[in-house]
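Colleague: Mind looking over this structure? Questions follow.
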Amino acid sequence: MRMPLIVGNWKMNGSLELVEQFGTAFAETGLPSSVEVALIPPAPYLAAMQAALAGTPVALGAQTLSPEPKGAHTGEISAAMLDEFDVRYVLVGHSERRSMYHEDDAAVLARAKAALAAGLVPVLCVGETLEQREAGQTEAVVLGQLEAVFDGLDDEQRKRLVVAYEPVWAIGTGRTATPSQAQEVHAAIRARLGEYDGDLAEKLRLLYGGSMKADNAAELLAEPDIDGGLIGGASLKTNEFLAICQSAG
Ligand code: PEP
């Protein structure tokens, strides 16, 4: 059985006050023991979030990392630095990084390798644009992004990833993939993983991301190949995010 994973990505939102609110909410509200939860604040809040989540089962994540280990890379953050704050998960290949910061497949692979080398878990985001979906290219695009990373890793490394299917047209738009649309792509991803290794396909967690909210999470999470969610906007409200976590239990 794959343990559901719910990951909240704050993007460039939030405040120290919100960090405290989440720490209090998680300390006061029990989470189902059958669900794993992680929160990804902006990097300046990692230390405060680490402190706020102490004593709760919620893990800490980061939104991006440098592929380089150290040196003259102004503005960048290394995997080893994230590790110092007990960061467990790090996003790689988020569509906003791909489109706004020109991170191509090679850059995504380099970041995944840097994360793995430091013992972090890369959450590889893949997804098609609306134009690509309407042109019937969804599977080719998504599997291409998947292979660009998985082909560059060895068997042992592949097992340590999480994959998030995030249709670009559903991110931050309020337009969610239907459960069957999402399941269809998740099944294609799992089938492709099976070509690497049957055990990998069986165990690797596939998250759905794209306008997941408290009122649509349960039906998405009920699909057989959806093992959790990557949540943007709805992870900024304690009640909403906790409700999503509860519905995964
Ligand atoms: C995301 O940024 O990964 C995301 C899924 O955002 P939202 O939930 O706001 O669509």
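Please treat every number below as a calculation from the coordinates, not as lab data. Bear in mind the structure is a predicted one, so any value in this text is a computation, not a measurement. Don't worry about glycine lacking a Cβ; one is built from the backbone with ideal geometry, like all the others, and counts go over all protein chains shown.
Colleague: Please give the peptides 177-188, 23-34, 75-86 ranked by average Cβ packing (other Cβ atoms within 10 Å per residue), highest first, as a rough proxy for protection. Display every interim value, and only then the final one.
Modeller: Values: 177-188: 18.3, 23-34: 14.3, 75-86: 16.2.
Ranking the peptides 177-188, 23-34, 75-86 by packing returns 177-188, 75-86, 23-34.
Colleague: Next question, about the same structure. With charges set only on the Cβ (+1 for Lys and Arg, -1 for Asp and Glu), what does the dipole of the chain come to about its Cα centre, in debye to the nearest 20?
Modeller: On the way: 19 positive and 34 negative charges, 74 e Å.
With only Lys, Arg, Asp and Glu charged at Cβ, the dipole is about 360 debye.
Colleague: Return the ratio Rg/(2.2 N^0.38 Å) for the stretch 163-221, where Rg is computed over Cα atoms only.
Modeller: Details: Rg = 12.2 Å, N = 59, 2.2 N^0.38 = 10.4 Å.
Cα-based Rg divided by the globular estimate yields 1.18.
Colleague: Here is a follow-up. Note down the net charge around residue 111, summing +1 for each Lys or Arg and -1 for each Asp or Glu among other residues with Cβ under 12 Å from its Cβ. Walk me through the intermediate numbers first.
Modeller: Details: positive: 97, 98, 113; negative: 68, 76, 103, 104, 105.
Result for the neighbourhood of residue 111: -2.
Colleague: Quick one: pull the percentage of alpha-carbon pairs in the chain with a separation above 34 Å. Each step should come with its number before you reach the end.
Modeller: Working: 2955 of 30876 pairs.
Cα-Cα pairs of the chain separated by over 34 Å account for 10 percent.
Colleague: Placing +1 on the Cβ of each Lys and Arg and -1 on the Cβ of each Asp and Glu in the chain, which of 51, 222, 39 has its Cα farthest towards the positive end of the resulting dipole?
Modeller: My answer, from the dipole projection, is 51.
Colleague: Using the Cβ atoms and a cut-off under 13 Å, what net charge is assigned to the surroundings of residue 155, where Lys and Arg are +1 and Asp and Glu are -1?
Modeller: On the way: positive: 158, 159, 160, 203; negative: 151, 154, 156, 195, 197, 199.
Residues close to residue 155 contribute a combined charge of -2.
Colleague: Here is a follow-up. So, with +1 on the Cβ of K and R and -1 on the Cβ of D and E, and no other charges, what is the size of the charge dipole of the stretch 1-75 about its Cα centre, to the nearest 20 debye?
Modeller: The calculated dipole for the stretch 1-75 is roughly 240 debye.
Colleague: Let me have the 222 nm mean residue ellipticity of the chain computed from DSSP H runs of 4+ only, each contributing -39500 (n - 2.57), with the sum over all residues rounded to the nearest 500.
Modeller: Details: 12 runs with 107 residues, N = 249.
Using -39500 (n - 2.57) per qualifying helix, the result is -12000 deg cm²/dmol.
Colleague: Mind listing which trypsin sites (Lys or Arg not before Pro) in the stretch 64-121 are in a DSSP loop and have 13 or fewer other Cβ atoms within 10 Å? Walk me through the numbers before you get to the answer.
Modeller: On the way: sites: 70, 88, 97, 98, 111, 113; in loops: 70.
Those satisfying the criteria are 70.
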